[in-house]
Amino acid sequence: MAAIRVLAALDQARTQYYHFKAIVIAGMGLFTDSYDLFCISPVMKIIGRVYYSDDDGHSGSSPGVTPPAVVSATVGVALLGAVVGNVLFGALGDRVGRRRVYGACLLLMVCSSVGSGLSVCRTRSCALTSLCFFRFLLGVGIGGDYPLSATIMSEFANRRTRGAFIAAVFSMQGFGILVSSAVIMAVTAAFDHYTGRPAPLDTPESADLAWRIILMAGAVPAALTYYWRMSMPETARFTALVEHDVAKATHDIGRVLTDLDLNAAADEDESTETLTRPPPPPPPSPPPPRRNSPYGLFSRQFVRHHGRDLFACASAWFLLDIPYYSSTLFQSQIYRPLFPPASQVNVFREAYNVAKFQAVIAVASTIPGYFAAMLLIDRAGRRRLQMAGFLLMAVFLFALAGPYDGYWRDHAKHAGYLVLYSLTFFSANLGPNTTTFILPAELFPARFRSTCHGLSGAAGKLGALVGSIGFLWLSQQRDRVGVQQAGHLLGVGMMYALFVLGGICLVGLVITYVFTRETMGRSLEENESEQGQSQFGDGERDAGGSSGGLRFHELSVLMEAAKSPMSPMSMASSHLSTSPILPDRMSV
């Protein structure tokens with residue numbers, strides 16, 4: 001029962017300083033992730049000018065443009081690395097420990113960010129090959145950070161504000177996008193000034209240094225938080241439930257959460273145990289089978305208890321990232337009419353304009369969406385927000401798609417066009433982009449939590465690959481002659497591509513409605529019990545507002561029935577008193 005005491009104390013702990021410190025420490029990984037993933041678009045503009053100019057870097061008739069295949073490869077290898085990182089570091093987090101793997105993951109991100117900037121050499125083939133190699137390693141670190149950050153924050157948080165805390169960690173992505181845009185704007189503006197503002201088609205040699213500085217700057221926030229990550233204790237839930245060292249779990253968590261009332265949890269535990277102690281069972285009755293016997297990830301028991309949850313998390317994340325990353329690629333169709341053409345600006349100004357537009361979108365829609373999710377996640381619930389986000393994304397994508405060929409294509413500067421595009425990002429971050437990060441950190445037992453989050457995140461990155469590569473093909477115009485002249489594959493056109501993305505959002509809505517369970521207000525330890533999965537998994541709540549707990553009148557009836565040794569309710573009480581989630585359910 002001692003393990004239950006410390007975990008019950010964690011669930012009942014009031015919010016204190018270390019919770020916010022943990023948000024910053026865990027959030028810096030997501031901050032670095034978004035910096036590295038979203039700075040690549042402006043960097044590709046600079047690389048195109050440096051390595052793909054008409055005259056090998058000298059003035060030509062048109063600015064250099066990075067071929068779409070090279071852009072796809074640079075983006076794709078990072079996403080493939082993220083798939084590997086999610087699976088690898090997620091599994092290691094459950095085997096070795098969250099804290100130990102956390103430091104190694106961050107160190108890999110720091111080294112690969114520096115390596116991406118160095119890229120070994122300055123010839124085109126060598127530099128781009130080296131860049132793709134280090135971007136793959138960076139993706140591995142980024143993918144590994146997802147399950148570890150979410151799991152650590154969920155296991156430190158209390159049940160009342162757990163959703164908001166995990167959402168706050170994830171919201172650091174928005175600030176990473178904003179800071180990456182600011183760094184790009186500062187670096188390109190400085191180079192533009194000190195090179196004498198070169199002519200539009202004149203790419204100075206120093207441009208090859210600018211993109212390297214931008215990429216290497218991504219290592220700074222990760223390096224600054226490395227010490228604090230390594231000084232974090234292992235989570236009490238991993239130590240108590242996986243390593244079975246209750247004394248160490250109590251000591252570690254008491255060291256950082258100074259206002260943790262372990263005595264109150266112990267008193268409640270003892271009083272509950274006294275009230276619910278049943279008479280001995282009749283001798284003829286065989287002992288009930290153990291409901292919490294250990295089982296593996298690839299066992300039938302896992303599929304029966306958690307297969308539905310894993311399918312719900314992985315499929316929703318996969319479906320979300322297809323339109324989410326496609327909308328990121330769709331940015332070029334949005335900002336192109338707002339700025340001068342590439343042939344009229346120099347290399348630094350072109351990258352500056354792209355970063356400026358990314359910053360505007362982050363401030364206007366991305367960051368507000370994260371904050372709205374933080375405010376609503378523990379009020380409306382994860383399931384409702386995810387369904388609402390998918391529905392709103394579909395509505396705004398359809399609003400862009402319907403009149404695209406007839407109106408939006410020729411009125412790209414219209415404010416309504418920008419507003420609809422921004423609202424797709426706001427809806428994603430309000431709903432599924434945040435909830436798909438939260439749900440896998442809450443639905444699974446401690447020994448599977450990091451692994452299952454990693455598998456869900458890997459499915460999401462596969463969806464990002466489908467969205468990134470498929471959208472480039474799908475959005476090509478249906479005019480075969482124009483497409484062949486432009487050197488692209490034949491697609492269905494932007495209007496139909498947007499309709500497809502909206503339809504995918506509706507599929508995500510249906511899957512969420514049918515398969516996703518509510519986790520708001522539930523203790524993480526309820527997922528150790530098959531009864532907690534089946535009876536309370538869909539968000540059933542008691543009169544006191546706590547999901548997954550026995551109602552008070554049900555408890556009274558159970559106590560009265562337990563007085564009779566031969567009563568069937570006595571046997572139910574006997575089973576209940578031996579359940580590892582008893583103190584959590586008795587706190588009414």
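The values are calculated or read from the model by the stated rules, or taken from the named source; none is laboratory data. Here the structure is a predicted model, which means the values were calculated and not measured. Glycine gets a Cβ as well: all are built from the backbone with ideal geometry, and neighbour counts include every protein chain shown. Each accessible area value is taken on the protein alone, full model and side chains, heavy atoms only, with ligands, DNA and RNA left out. Shrake-Rupley method; radii C 1.70, N 1.55, O 1.52, S 1.80 Å.
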In Å³ per residue, the alpha-carbon convex hull of the range 335-376 encloses 52 Å³
Partner lysines whose C-alpha sits under 27 Å from that of residue 248, ignoring same-chain residues fewer than 8 away, are 21
Taking Rh as the Kirkwood radius computed over alpha-carbon pairs of the range 320-472 and applying Stokes-Einstein at 10 °C with viscosity 1.306 mPa s, one gets a diffusion coefficient in µm² s⁻¹ of 94 µm²/s
Compactness summary of the range 157-265: radius of gyration and Dmax from Cα atoms, Å, are 23.0, 72
Check: C-alpha center the range 393-462 vs C-alpha center the range 128-191, spacing in Å is 17 Å
The percentage of the accessible area of the range 343-463 (probe 1.4 Å, all protein chains present) made up of carbon and sulfur atoms, to the nearest whole number, is 67 percent
Residues whose built amide H sits under 5 Å from the amide H of residue 517, excluding neighbours closer than 5 in sequence, are none
For residue 45, the lysines lying under 21 Å Cα to Cα, once residues fewer than eight places off in the same chain are dropped, come out as 356
For the range 317-416, dividing by residue count, accessible area per residue (probe 1.4 Å) in Å² works out to 40 Å²
Net charge near residue 110 (other residues with Cβ under 15 Å of its Cβ; Lys, Arg +1; Asp, Glu -1) is -1
For the range 367-417, shape from the Cα gyration tensor axes a ≥ b ≥ c, cut at a/c of 1.5 then a/b versus b/c, turns out oblate
Once Lys and Arg are counted +1 and Asp and Glu -1 for all other residues with Cβ under 15 Å from that of residue 349, the total becomes +2
Mean accessible area per residue over the range 80-215 (1.4 angstrom probe, all protein chains present, square angstrom) is 34 Å²
Per-residue accessible area, 1.4 Å probe, largest first, puts 121, 39, 126 in the order 126, 121, 39
Heavy-atom accessible area of the range 74-174 with neighbours in place, 1.4 angstrom probe: carbon+sulfur share in percent works out to 73 percent
The percentage of Cα-Cα pairs in the range 1-157 separated by more than 23 Å is 49 percent
Lys and Arg at +1, Asp and Glu at -1: neighbours of residue 221 with Cβ under 11 Å from its Cβ sum to -2
Using a 1.4 Å probe on heavy atoms of the protein chains only, the accessible area for residue 405 in Å², nearest 10, reads 70 Å²
